[in-house]
Amino acid sequence: MNKLELKIEKELEFLGYMISSPGLASELFSKVPVELISKDFQTVFEEIKEQKNLDKISILHILRKSNFPKLSEVLSIGRQSTGEGFLERRIQEFYEITDSIKTENIFTDLLKMSREQLTGLSLLTESKELIEKELEKYNRFDKEITFSESIDSIIERMEKRNTKNDSIKTRNFPAFNSATTGLNEGNLIGIAGAFKNGKTTFALNVALDLASQNIPTAIFSLEMSMSEIQDKILAYKTGIKYEALRDPKQLSEIERANLNKALNKLKSKSERLFLFDRLFSLAEIEAKIKYLAKWENVKVIMIDYIGLIKSVSKFKNVENRERELSQISQSLKIIAKETNTAIFILAQLNRTGIKDATSGNLAERLELARDCDFLFTIKKLADENFGNYQKIKLNGKELATSLTENDFVVKLDSSRHTKGGNSFVVRLDESGRFNELMISYAEAPQRQQTAKRNEPYNYFENQYQ
């Protein structure tokens, strides 16, 4: 007996059990869609499902009216005792057969595609996705629980939070932690900025901060080469200028000695930081994240940046790149939840974003703000036209600070979980390390008037309020 014959046998059993116990029909149809029934029997099952006052006579009438070919076999099954849980076991057997047939069809189609295509890796990732979808269906028999029934597990989770905070927090950016109240597994965090406004460097700082806490971290650098990203990490960790590492002839004898000492120290560390530098398709990124989460226990992912994720056949029917990038951001949010990772995704702001660094100026009108749990923007704070001292407003308060060309403002543009709008200032040193400025709120000192403006430049009031 082949699989199709076995499937038909289970469907005949369903009819027999409903004749014996018409009350079983509601349980059957709640778990088995009529669409899964063999085409020859679908009309009969559909008519039984739509019957309002279902009993043995009405089922027999439907079968006889349709000249059902295996009526005697159905009646024989109906005379058998089903017993408790019998129908549920038969439903599970039905799904096992149905899924086996579907899987066989999937492999047959993939085998045909493999003979016609040369893109082996893309085919493998598509195969993996199709198979995983089939595997996910086996949770259909899990018992659903109500909110009231889950109270005990909620209490246990709250008590665990009270004694041990498992959220992900940085060491060097307390204002970042305050804005998010800590990141959780499954979060998608966007960091957006205009060209040369610090988004990559700030995101790298956060990722390296978390990696230094023995949190397994992976960085997908789609823009920089492996040597460039390695040099930036070395500059961050050693305090040596990035430019000097790119051209070692610039290194002084002291810097060379410090570099060798730092390299030997880093070599002995057990920090789990994974680096990838080639252009990836979304399917490849998803497959790699799943692998890293499962086998390397990676908890933090940084992707620089979303606009460089390769176009893939998965979205070949989208009308334009804008829509495709929106679908990519949705997929990244889903993969963060599926793998219990926190994913940082970088995005470019358009030219208007140089002055107005908000999510409304995301390049290609990407709907990243909708998919992110937290979306930050970053922008250079100082304006060369108005000198170093500025009277500015930060988070609704006036403050006085001496600014430099290496100062940036980071703003929580939008958030699903906390209040958005708060900002903090970070200063970039020569090694590429950001340090959060501890700013005191006070009246700014008087400055000389400039030829272009006769009043202090209130940056945040004009741009961020």
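Here the helices (runs of 4 or more DSSP H) wholly within the stretch 1-84 that include at least 3 residues being small (G, A, S) are 24-31, 71-78.
I'd like to check something: does the stretch 36-47 contain any residue that is out of contact with any His (no Cβ under 6 Å at 6 or more places or on another chain), assigned by TED's automatic domain parsing to the domain that holds K102, farther than 25 Å from K102 by Cβ and surrounded by fewer than 19 Cβ atoms within 10 Å (Cβ to Cβ)? Spell out how you get there, then give the answer.
First pass over the stretch 36-47, keeping only residues out of contact with any His (no Cβ under 6 Å at 6 or more places or on another chain): 36-47.
Those left that are additionally assigned by TED's automatic domain parsing to the domain that holds K102: 36-47.
Within this subset, residues satisfying the condition of being farther than 25 Å from K102 by Cβ are 47.
Applying the additional criterion that residues be surrounded by fewer than 19 Cβ atoms within 10 Å (Cβ to Cβ) yields 47.
Scanning the stretch 36-47 turns up at least one residue that is out of contact with any His (no Cβ under 6 Å at 6 or more places or on another chain), assigned by TED's automatic domain parsing to the domain that holds K102, farther than 25 Å from K102 by Cβ and surrounded by fewer than 19 Cβ atoms within 10 Å (Cβ to Cβ).
Of the residues that sit in the stretch 216-246 and are charged (D, E, K, R) and surrounded by fewer than 17 Cβ atoms within 10 Å (Cβ to Cβ), which one is farthest from T170 (Cα to Cα)? Per the stated criteria, the residue is R246. Just one of (1) touching a helix residue (DSSP H, G or I) at 6+ places or on another chain (Cβ under 8 Å); (2) at pLDDT 85 or above fails for A211. It is (1).
Please work out if E84 is modelled with pLDDT of 85 or more, within 47 Å of the chain's Cα centre (by Cα) and farther than 30 Å from A287 by Cβ. Criteria not met by E84.
The values are calculated or read from the model by the stated rules, or taken from the named source; none is laboratory data. Since the model is a prediction, treat every value here as computed from it, not as a measurement. Glycine gets a Cβ as well: all are built from the backbone with ideal geometry, and neighbour counts include every protein chain shown.
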